[in-house]
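*Asks:* Pasting in a structure now, in structure tokens, and then I'll have a few things to ask.
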Amino acid sequence: MYRYDAHDRELVRARVRQFADQVRRRLEGRLDEETFRRLRLLNGLYLQLHAYMLRVPIPYGTLRADQLRTLAEVAERFDRGYAHVTTRQNVQFHWIRLVDAPAVLERLAEADLAPIQACGNSIRNITSDPFAGVAPDEEVDPRPWCELLRQFLTLDPEVHFLPRKFKMAVIGARRDRAMIRAHDIGIRLWRDDGRVRAEVLAGGGLGRTPMLGQRLREDLPAEELLPYVRAILRTYNRFGRRDHLYRSRLKILVHDLGIERFRAVVEAEYAAGRDPELVDLGRRELARIARHFASPAHAVDAAAEEARLAADRRHDSAFDAFVATNVLRHRHPGHRAVVVTLKRPGAVPGDLDAAAMRLLADLAERHSFGEIRTTHEQDLVLPHVRAGALRALWAELAAAGLATPNWRRATDLVSCPGLDYCQLATARSIPVAQELARALAARGLDRELGELAIRISGCINACGQHHVGHIGVLGLEKRGREAYQITVGGSDAEDAALGTVLGPALSREEIVPALLRMLDLYRARRRDPRERFLDFVRRVGPAALREVIHAPTPARPARDPA
Amino acid sequence: MTHKDEPAARPGGRRAGTARIAVAHRLTDGRVVYLAASGWRESLAEATVAHGDPEAEALAARAARDAAAGLVVDPTLVEVTVDHGLPVPVRLRERIRALGPTVHPELQRDPDPRGGRRVPL
């Protein structure tokens, strides 16, 4: 994993000192709110519905055990004992006091964590495959490239005042586990006869106007990524709309110009602005950075590890169920990656208390070379666990309520904070997630429904990524009441697709029963149990589900008190 | 002026003739506070209720002065109904703001610590 060097540390410390001074001047009345708001947002500090919220980027979702312990300490000392994993692999604290913010940033900086560019019209956290360096199908480890881009694009004045926020994701496998087509720039690294190439996509994004990224380049030599990404950003800086909030994202520019014209402009900028020294610098830096990502030592007797795992699975059906859903193959024989879903049915998706953070940090140190990953599905991953140690790990997770066997199952549902926390939200999303997960768990449907991605957003900004859920739920406000619109057929994987809306929105009371009816219909009409819900929707078409969604709910109350 | 990521609160309390209270965030910790006779209070029950436009304008002016003085951030007027003397925000958003997140009952606050009156969701 990447570790800050002296330059990184000094840069972050200087930034903390600067922000501490800004906070002091604000509290002393020497900065007005309008001036200060921009400064605190540049440091990840939002003012949300109930309090200040601090967003801490977890670069490409990679976290060390000591960093997770630091987050636990921040949760206990400065917040209300918990943190929230977001859909962009970040961590958020919902109750930070402004007077404490400098101390929090100082403590985070000691652990090489910094909320720089966590907000504002800048390059946000570059996200990646949570199984980077682990997945057997990986062609190129994306993490060194993410770190190179992160360093290149951090505090660069040229990209600090973009027309709007800018999101990037990088993967190194055919399977897309980072939703690259839903990003302003998506990069898939691949290998061609030993040389690393990059497929570059641009113009993706969810929110008010969801669009999937389109291909700009299929086979860019990866060492050209710095000048090529800079050319895209310069094109965006020059032509992106600054006069209209809803038309300011890169996707709108790509859409308005058309991909061919956009590509022509980018290529011209790239040809004119390509600096050979930048390419050389990138090459040298990549070599330096890549040393941080050497695979941890895995000297084990793989056959013995596998034999132990097989015996443990035979011995314990609950453990076997966990391995079947939450444990993935590792590129190193005798090892596995373990997904810890933060989705016990009824829990708040993505929430994690300080005790759980400390336990996971301990387990990561004992079993996973001190590494943890965050995922865009609001889960955590312990990436390097010996197969023979899985049962001991599972037992400790289970004792803490962290071994729910539901990764990418119906109850592993994703939800933004919604109207329970968010200034922008129009409806609550977490209570819908909780009620649905409880209902599914009570019916024992997780295993039977198979792979199913349910995504819930509390407003049109789509932080819950409902557009790309196999089932998406969008919370709205209609005539003063919460209302929920259903989409089906979306996908966040390599077969990325935007869901289709199934008619008018439903009330809070109607939404969960409607979703359950839809799933009953799927179970009754699917070809066989191997046909996923997504494949079923693609086969029968969304219209087949519309009728069952809008069937009357017998128990509907006469009046909605909300 | 507001930032794109923090738009202005919706002007839910601008309707003429309705009862309104002033809500804001305390600068030092961001907590939700209500303008009362004795200053900004965490308790919704203590909020001063403005009946009619002249009272609402006076309340807004006090809130704006306190924001300019750096006591609070983003003051807004919100529409309420008065139930047994307790101002109850009309919009769900403001009721959640008064109570705290509905998904963490242990973190919710009592809008009327002395009187025991409840804010229905």
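The values are calculated or read from the model by the stated rules, or taken from the named source; none is laboratory data. As the structure is a computational prediction, the values presented were derived from the model and not from experiment. Ideal geometry is used to build each Cβ from the backbone, glycine not excepted, and the neighbour counts take in all protein chains shown.
*Asks:* Only strands (runs of 3 or more DSSP E) wholly contained in the range B:25-98 count here; list those with 3 or more residues that are free of Cβ contacts under 8 Å to residues at least 12 places away in the same chain, within 14 Å of another protein chain (Cβ to nearest Cβ) and under 21 Å from B:Gly116 (Cβ atoms).
*Replies:* none
*Asks:* Could I ask something else about it? Tell me, which helices (runs of 4 or more DSSP H) wholly within the range A:294-385 include 3 or more residues that are polar (S, T, N, Q)?
*Replies:* Fully inside the range A:294-385 and qualifying: A:317-326.
*Asks:* So for the range A:91-108 (the condition being more than 25 Å from A:Lys343 (Cβ to Cβ), in a loop (DSSP other than H, G, I, E, B), away from chain B (no Cβ under 14 Å) and among the aliphatic types (A, V, I, L, M)), does at least one residue qualify?
*Replies:* No; the residues of the range A:91-108 include none that is more than 25 Å from A:Lys343 (Cβ to Cβ), in a loop (DSSP other than H, G, I, E, B), away from chain B (no Cβ under 14 Å) and among the aliphatic types (A, V, I, L, M).
*Asks:* Let me ask something else. Across the range A:18-58, which residue is nearest to the other protein chains (Cβ to nearest Cβ) among those that are among the β-branched types (Val, Ile, Thr) and closer than 18 Å to A:Leu113 by Cα?
*Replies:* The qualifying residue nearest to the other protein chains (Cβ to nearest Cβ) is A:Val56.
*Asks:* Going residue by residue through the range B:64-75, is there one that turns out to be of a type in the set (Val, Ile, Thr), modelled with pLDDT of 95 or more and under 11 Å from the mean Cα position of the chain (by Cα)?
*Replies:* No: the range B:64-75 contains no residue that is of a type in the set (Val, Ile, Thr), modelled with pLDDT of 95 or more and under 11 Å from the mean Cα position of the chain (by Cα).
*Asks:* What's the number of the only condition in (1) buried (at least 24 other Cβ atoms within 10 Å of the Cβ); (2) within 20 Å of the chain's Cα centre (by Cα); (3) away from every other protein chain (no Cβ under 14 Å) that A:Tyr421 fails to meet?
*Replies:* (3)
*Asks:* In the range A:122-143, which residues are buried (at least 23 other Cβ atoms within 10 Å of the Cβ) and touching a strand residue (DSSP E or B) at 6+ places or on another chain (Cβ under 8 Å)?
*Replies:* Selection gives A:Ile123, A:Ile126, A:Thr127, A:Ser128, A:Asp129, A:Pro130, A:Phe131, A:Ala132, A:Gly133, A:Val134, A:Pro142, A:Arg143.
*Asks:* Of the residues that make up the range A:433-443, is at least one in contact with an Asp or Glu (Cβ under 6 Å, 6 or more places away or on another chain), more than 19 Å from A:Val501 (Cβ to Cβ) and within 14 Å of another protein chain (Cβ to nearest Cβ)?
*Replies:* For the range A:433-443, residues in contact with an Asp or Glu (Cβ under 6 Å, 6 or more places away or on another chain), more than 19 Å from A:Val501 (Cβ to Cβ) and within 14 Å of another protein chain (Cβ to nearest Cβ): absent.
*Asks:* Which residues, counting only those in the range A:192-235, are outside any helix (DSSP H, G or I) and either hydroxyl-bearing (Ser, Thr, Tyr) or assigned by TED's automatic domain parsing to the domain that holds A:Leu474 (or both)?
*Replies:* Passing the criteria: only A:Thr209.
*Asks:* Hey, among A:Leu352, A:Leu359, A:Leu380, which residue is within 14 Å of chain B (Cβ to nearest Cβ), hydrophobic (A, V, I, L, M, F, W, C) and within 21 Å of A:Asn406 (Cα to Cα)?
*Replies:* One residue alone meets the criteria, A:Leu352.
*Asks:* Condition first: in contact with a Gly (Cβ under 8 Å, 6 or more places away or on another chain) and within 14 Å of chain B (Cβ to nearest Cβ). Now tell me which residues in the range A:125-176 satisfy that.
*Replies:* A:Leu162, A:Pro163, A:Arg164, A:Lys165, A:Lys167
*Asks:* Look through B:Ala68, B:Ala24 and report the one residue that is of a type outside the set (S, T, N, Q) and more than 30 Å from A:Ser415 (Cα to Cα).
*Replies:* B:Ala68
*Asks:* Which count do you get for residues in the range B:99-121 that are among the acidic types (Asp, Glu) and part of a loop (DSSP other than H, G, I, E, B)?
*Replies:* Of the residues in that region, 2 qualify.
So that you can scan it fast, the table gives a plain yes or no per residue for (1) touching a strand residue (DSSP E or B) at 6+ places or on another chain (Cβ under 7 Å); (2) of a type outside the set (Ser, Thr, Tyr); (3) without any contact (Cβ under 8 Å) to a residue 12 or more places away in the chain; (4) more than 30 Å from A:Leu363 (Cβ to Cβ):
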| residue | (1), (2), (3), (4) |
| --- | --- |
| A:Leu402 | yes, yes, no, no |
| A:Arg408 | no, yes, no, no |
| A:Leu424 | no, yes, no, yes |
| A:Gly444 | no, yes, yes, no |
| A:Gly450 | no, yes, no, no |
| A:Lys478 | no, yes, no, yes |
| A:Ala496 | no, yes, no, yes |
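*Asks:* Could you say which residue among A:Leu359, A:Leu413, A:Leu419, A:Leu390 is of a type in the set (A, V, I, L, M, F, W, C) and within 17 Å of A:Gln67 (Cβ to Cβ)?
*Replies:* A:Leu359 is the lone residue from the list that is of a type in the set (A, V, I, L, M, F, W, C) and within 17 Å of A:Gln67 (Cβ to Cβ).
*Asks:* Mind counting the residues in the range A:8-57 that are touching a residue at least 40 places away in the same chain (Cβ under 8 Å) and part of a loop (DSSP other than H, G, I, E, B)?
*Replies:* Residues flagged as touching a residue at least 40 places away in the same chain (Cβ under 8 Å) and part of a loop (DSSP other than H, G, I, E, B) within the range A:8-57 amount to 7.
*Asks:* Please determine, by comparing only the residues of the range A:58-87 that are part of a loop (DSSP other than H, G, I, E, B) and in contact with a helix residue (DSSP H, G or I) (Cβ under 9 Å, 6 or more places away or on another chain), which one is surrounded by the fewest Cβ atoms within 10 Å (Cβ to Cβ).
*Replies:* A:Gly81
*Asks:* Can you name every residue in the range A:110-124 that is more than 14 Å from chain B (Cβ to nearest Cβ), over 14 Å from A:Asn43 (Cβ atoms) and either not small (Gly, Ala, Ser) or not in a loop (DSSP other than H, G, I, E, B) (or both)?
*Replies:* A:Glu110, A:Asp112, A:Ile123
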